[in-house]
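Following: one structure in structure tokens, then a few remarks.
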Amino acid sequence: MKSVVYEFTKGLWKENPVIVLLLGMCPTLAVTSNATNGLGMGLATMFVLLGSNIVISLMRNIVPQKIRIPCYIVVIATFVTVVELFMKAYAPPTLYNALGIFIPLIVVNCIVLGRAEAFASKNTVFMSFLDGFGMGLGFTLSLVALGGVREFLTSGSLFEVKIITCWTTEFMLTNGAPGAFIVLGFFIAIMNGLNIRKAKKNGEIYVPPAALDCRHCHICDLGKVED
Amino acid sequence: MMSLKKTENIFVLGIFLAVIGAVAAGILAWVAEITKEPIAKMELAKTNKALMAVLPDFTNEPSKDKFVIKSDDKEKYDIVFYGAKKDGKLIAVAGQSRTMKGYSGLIESMVGLDADGKIRSVVITKQNETPGLGTVVCGRKRVVTIFDLFGGGKKVDTSKLPPNAILDQFDGHSATQKDGWSLPWKVKKDGGNINFITGATISSRAVTDVVYRIAHTYIAKRKEILKGLGAGGDDK
């Protein structure tokens, strides 16, 4: 049962979509100006990821190889539209306004299509569910962490609740796009630092997981003849 | 089924995509149908919240008591007037309109006016301005501190709007010659009387523009608007 646990937990740390895979940077950097937005975006993406992984895994034996990407996109787009409609109807208006265009843009989020192509199209429904759940959770947690750090550095608050009450002037650098890159850079540095240290302790040289390598994703091979 | 996965027959591929698309469309139509009512409710709740903020206590439903004035200027944005009535008598109106002159385009504002055209309060209902600059002009945000959550914080009067120096300066003014502000209203940088935020002149200008347009239209077309809102007993 080790692999079941692995499929779930890999998204949280070892193959974390934001900090290790560096996928889906557009929503990551754009909406994480506070932790609440990060959480909203993360949950929306997680729902899409779960749904698309399950459906694509169900269809994996009947989808013609030649048109699999368009089929995946239709499935993903359907889930995204469902999420958007439900958010419009039930999410707090401030959250829906803050996420704005980035909800429909989940369609082109690399994580969703990446997991569909690299995982769900080759694995069972249960495994795909775990993979989607783990990846979605990893994405959500990273977004909340990123948003929390940025929000705290900007105005001393977390989840829009001021922790340091005397902090009245906002520090705009971390609130804007440059700050997003800087904070993300620190996150990646810390992540890599921890991994390298851990590898050194075991007397190894740290290599990023092989599955993250570009060569393992076959989206670029679409035009080539399938075996 | 194996053949379906390996097929290269273009008709089969086309039909497959069509079927997938049809199923997706069916699901979306169903979801759109079941979320239609909640979405409409949400929109109404948003309008009602803005109306409550700018109008005094009312007993009717202003969101149903509305009157649209077609805009005659270049931007062509209609102004929607909502009437607040107490016991059947019109006590105040709220005007809602938008402008595209904001730094990121659209700014939509709701302005509460007394029956004689004096501004009660201004809120911005839609904006997409730069955080930290334009949002200082447009935002009315109540800061929640950690002390508020666990008690011990200062008591905040939740019946009042959170203050905003730019939006609050319109309070008590009306778009008439008597008011003291030169018409049309302009920010001080353009030779007018309205304070603005340095670094957010464009947002300040846009807000001034839309607020002035609402206030001015009310003064200019007062009779028409009051009649449209069904004001009983007022100077007809």
Which of the following residues is closer than 30 Å to B:G139 by Cα, open to solvent by 40 Å² or more (accessible area, probe 1.4 Å) and within 12 Å of another protein chain (Cβ to nearest Cβ): A:T174, A:T154, A:T168?
A:T168
Top-ranked residue of the stretch B:117-139 - restricted to ones that are touching an Asp or Glu at 6+ places or on another chain (Cβ under 9 Å) and in a loop (DSSP other than H, G, I, E, B), ranked as nearest to B:I219 (Cα to Cα):
B:K118
Selection from the stretch B:112-126 of residues away from chain A (no Cβ under 14 Å), open to solvent by 10 Å² or more (accessible area, probe 1.4 Å) and either closer than 15 Å to B:R98 by Cα or of a type in the set (S, T, Y) (or both) yields B:S121
Taking only pairs six or more apart or across chains, which ones have beta-carbon atoms under 6 Å, a first residue in the stretch B:24-39 that is within 8 Å of another protein chain (Cβ to nearest Cβ), and a second residue that is basic (K, R) and surrounded by 13 or more Cβ atoms within 10 Å (Cβ to Cβ)?
B:I39/A:K88
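Conditions (1) away from every other protein chain (no Cβ under 14 Å); (2) aromatic (F, W, Y); (3) closer than 17 Å to A:L43 by Cα; (4) touching a helix residue (DSSP H, G or I) at 6+ places or on another chain (Cβ under 7 Å), marked per residue:
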{"site": "A:A116", "(1), (2), (3), (4)": "no, no, no, yes"}
{"site": "A:M127", "(1), (2), (3), (4)": "yes, no, no, yes"}
{"site": "A:M135", "(1), (2), (3), (4)": "yes, no, yes, yes"}
{"site": "A:R150", "(1), (2), (3), (4)": "no, no, no, yes"}
Would you mind telling me which numbered condition in (1) in contact (Cβ under 8 Å) with a residue 24 or more places away in the chain; (2) open to solvent by less than 40 Å² (accessible area, probe 1.4 Å) B:T201 fails?
(1)
Can you spot a residue in the stretch A:141-156 that is in contact with a Lys or Arg (Cβ under 7 Å, 6 or more places away or on another chain), more than 19 Å from A:L23 (Cα to Cα) and in a loop (DSSP other than H, G, I, E, B)?
yes
Look at B:E129 and say whether it is more than 12 Å from every other protein chain (Cβ to nearest Cβ), within 17 Å of the chain's Cα centre (by Cα) and not β-branched (V, I, T).
yes
Collect the residues in the stretch B:96-116 that are among the acidic types (D, E), more than 11 Å from the chain's Cα centre (by Cα) and part of a strand (DSSP E or B), keeping them in residue-number order.
B:D114
Out of B:L133, B:L55, B:L51, B:L106, I need the residue that is open to solvent by 60 Å² or more (accessible area, probe 1.4 Å) and among the hydrophobic types (A, V, I, L, M, F, W, C). Which one?
B:L133
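Quick check on this structure: which one of B:I219, B:I202, B:I214 is closer than 15 Å to B:S121 by Cβ and outside any loop (DSSP other than H, G, I, E, B)?
On the way: B:I219 fails: closer than 15 Å to B:S121 by Cβ; B:I202 fails: closer than 15 Å to B:S121 by Cβ.
When all the criteria are applied, what remains is B:I214.
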For residues that are outside any helix (DSSP H, G or I) and more than 20 Å from B:L28 (Cβ to Cβ), scanning just the stretch A:64-118, find the one that is least open to solvent (accessible area, probe 1.4 Å).
A:P64
When restricted to A:F119, A:F79, A:F47, A:F102, the only residue in contact (Cβ under 8 Å) with a residue 12 or more places away in the chain and under 12 Å from the mean Cα position of the chain (by Cα) is A:F47
Residues (modelled with pLDDT of 85 or more, part of a helix (DSSP H, G or I) and of a type in the set (S, T, Y)) located in the stretch A:10-56
A:T36, A:T45, A:S52
Among what's in the stretch A:69-99 and is out of contact with any helix residue (DSSP H, G or I) (no Cβ under 6 Å at 6 or more places or on another chain) and among the hydroxyl-bearing types (S, T, Y), pick the residue that is farthest from the other protein chains (Cβ to nearest Cβ).
A:T94
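The values are calculated or read from the model by the stated rules, or taken from the named source; none is laboratory data. Remember, predicted model here, so these are calculated numbers, not experimental data. We place every Cβ from the backbone using ideal geometry, glycine too, and count neighbours over all the protein chains shown. Protein only, heavy atoms only, side chains kept; ligands, DNA and RNA dropped before computing areas. Shrake-Rupley method; radii C 1.70, N 1.55, O 1.52, S 1.80 Å.
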